[in-house]
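Visitor: Before anything else, here's the structure in question.
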Amino acid sequence: MNRRGHCLPNNALNWALSFLLKRIHIVFLCLQVLVVSKAAGEEITKTVESGCSVSVLSQADIGGGDTESCVGQCFAMVGDALSYLKKTDCSSSLIFIGKGRYREKIVLDLPGLTLAGIGRDQSHIVHALPAGAAASYDRDGWGTPGSATVTINASDVVVRNLTIENDFDFLRNDGLEKNNPQREANAQAVALLLDSKSDRVLLQGVKLASHQDTLFARGKRAIVIDSMVTGNVDFIFGSGQVWFENSELISRKRGKAISPGTLGGYISAPSTQLRDSYGFVFNHCMLGAEQGVPDGSVALGRPWHPTRNFSDGRYADPDAVGFVLFANSVFGAHISKRGWSSMRGTNKDGKKTLVFAPESARFYEWNNRGPGVHARTQREREFGLENGGPAKSNMLDILRGYHVADWADGKKVLEAGSQRME
């Protein structure tokens, strides 16, 4: 009804509702920007005034004239928004991503960037590319990192409230016989690559989805909190130092049948350099599985010794002595009684005949629970730091201190997470 008590016609009523909903949407966007910016240590007024905040809306929204919902400049693709921000003189910047599936392959190489969606079930960045077709995207011609949907190659990057996915059809490919000409031999499909220049990267409220090699960490420090990582083969791997807190690690089924008593999946494959005191830390995490993943068929991890060039040949890196710690976490029934597994590496003769046993790596379990926790005396030894004595209950605090040194925002996030879970 209008102010005189008369009923509005349908077209006027629809216009009024549309106007009101748009205004509510604008307020919601601004609140999201404020929360993200505050959490990242930014001043929102400074960011907006300097043109350092931009929005990405779906083609449908822009085509329908919904540019009123934009915060700052408005773009249809994340890559276009990133290109715009690179031309500005912003020490920190924000890309806000609206609802939709943005099919693109992007590299976030802008320090101080925050990429924020409206929820991991609503904002999606998706691409489909296996390693066998991705060599041209990597500086060294290596298809695995080249396949990444999103690459982060800068410091102080924050990603919140969205999904990053590589939706290459791994299951179909995995179900083909090895001699099938349609089968892709290199089926690794990375969703997120933390590249060599990445450090102090925060992923919060995100979902990383693929099958084999979902998250490739070959940079420095990162925190993954309140998030989900899904995959089946080595789906968290690399030499980086990543702290996972209050997150879900969901093992996915294979495209081929898994014989009873055999392994069909591996959660982690660290290649931590021996000079580094730690690699992957999983604290207060939940290890779950999709329907169809057999009980006892997934290993916690296996030691990855990447093949590298040396003065006397090309072979498996002997200094890649992986570090993984699972602490205070819940293991589902899909976790193998053996816990960990071995992994093959390249010998000096070029053949993959080396076998690296889990006992040779730095693999640790502490204070976990659930049906997938089994007695493993060889894995129950106390873990310690370089030049450190026996580990006590405060060892996690020491590790956390190492991880967030000179990283104030990371320290705040982990402290808040610990308080919440306790």
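Visitor: Which of (1) in contact with a strand residue (DSSP E or B) (Cβ under 9 Å, 6 or more places away or on another chain); (2) free of Cβ contacts under 8 Å to residues at least 24 places away in the same chain does residue 117 not meet, given it meets every other one?
Guide: (2)
Visitor: Which one is nearest to residue 290 (Cα to Cα), of the residues in the stretch 206-230 that are touching a Leu at 6+ places or on another chain (Cβ under 8 Å) and among the small types (Gly, Ala, Ser)?
Guide: The qualifying residue nearest to residue 290 (Cα to Cα) is 227.
Visitor: Which of the residues that make up the stretch 304-317 are over 22 Å from the mean Cα position of the chain (by Cα), buried (at least 16 other Cβ atoms within 10 Å of the Cβ) and assigned to a loop (DSSP other than H, G, I, E, B)?
Guide: Matches in the stretch 304-317: 317 only.
Visitor: Run down 262, 230 and say which single residue is hydroxyl-bearing (Ser, Thr, Tyr) and under 19 Å from residue 130 (Cα atoms).
Guide: Working: 262 fails: under 19 Å from residue 130 (Cα atoms).
Exactly one residue qualifies, and that residue is 230.
Visitor: Filter the stretch 112-149 down to the residues that are of a type in the set (Ser, Thr, Tyr) and open to solvent by 40 Å² or more (accessible area, probe 1.4 Å) and list them by number. Working first, answer last.
Guide: The first filter runs over the stretch 112-149 and keeps only residues of a type in the set (Ser, Thr, Tyr), leaving 114, 123, 136-137, 144, 147, 149.
Answer for the stretch 112-149, where residues must be of a type in the set (Ser, Thr, Tyr) and open to solvent by 40 Å² or more (accessible area, probe 1.4 Å): 136, 137.
Visitor: If I filter the stretch 318-333 down to residues being open to solvent by 10 Å² or more (accessible area, probe 1.4 Å) and modelled with pLDDT of 95 or more, which single residue comes out as nearest to residue 240 (Cα to Cα)? Explain how you work it out, then say what you get.
Guide: Restricting attention to the stretch 318-333, the residues satisfying the condition of being open to solvent by 10 Å² or more (accessible area, probe 1.4 Å) are 318-319, 321, 328, 330, 332-333.
Subset that is modelled with pLDDT of 95 or more: 318-319, 321, 330, 332-333.
Numbers: 318: 17, 319: 14, 321: 12, 330: 24, 332: 26, 333: 28 Å.
Top of the filtered list is 321.
Visitor: Within the set of pairs 6 or more residues apart or between chains, which connect a residue that is closer than 25 Å to residue 296 by Cα inside the stretch 341-356 to a residue that is modelled with pLDDT of 95 or more and hydroxyl-bearing (Ser, Thr, Tyr) with Cβ atoms less than 8 Å apart?
Guide: So the pair list comes out as 341/266; 344/353; 345/307; 345/315; 355/342; 356/342.
Visitor: Go through (1) open to solvent by less than 10 Å² (accessible area, probe 1.4 Å); (2) out of contact with any helix residue (DSSP H, G or I) (no Cβ under 6 Å at 6 or more places or on another chain); (3) closer than 22 Å to residue 155 by Cβ and name the single condition residue 243 misses.
Guide: That leaves (2) as the condition not met.
Visitor: For the stretch 226-240, enumerate the residues that are assigned to a loop (DSSP other than H, G, I, E, B) and open to solvent by less than 10 Å² (accessible area, probe 1.4 Å).
Guide: Of the residues in the stretch 226-240, the ones assigned to a loop (DSSP other than H, G, I, E, B) are 226-227, 232, 239-240.
Those that are assigned to a loop (DSSP other than H, G, I, E, B) and open to solvent by less than 10 Å² (accessible area, probe 1.4 Å): 227, 232, 240.
Visitor: Of the residues that sit in the stretch 214-225 and are touching a helix residue (DSSP H, G or I) at 6+ places or on another chain (Cβ under 9 Å) and open to solvent by 10 Å² or more (accessible area, probe 1.4 Å), which one is farthest from residue 408 (Cα to Cα)?
Guide: 218
The values are calculated or read from the model by the stated rules, or taken from the named source; none is laboratory data. Everything quoted here is computed from the prediction, not taken from an experiment. All Cβ positions, even for glycine, are placed from backbone atoms using ideal geometry, and neighbour counts span all protein chains on display. These area figures cover heavy atoms from the full protein model, side chains too; ligands, DNA and RNA do not enter into them. Shrake-Rupley method; radii C 1.70, N 1.55, O 1.52, S 1.80 Å.
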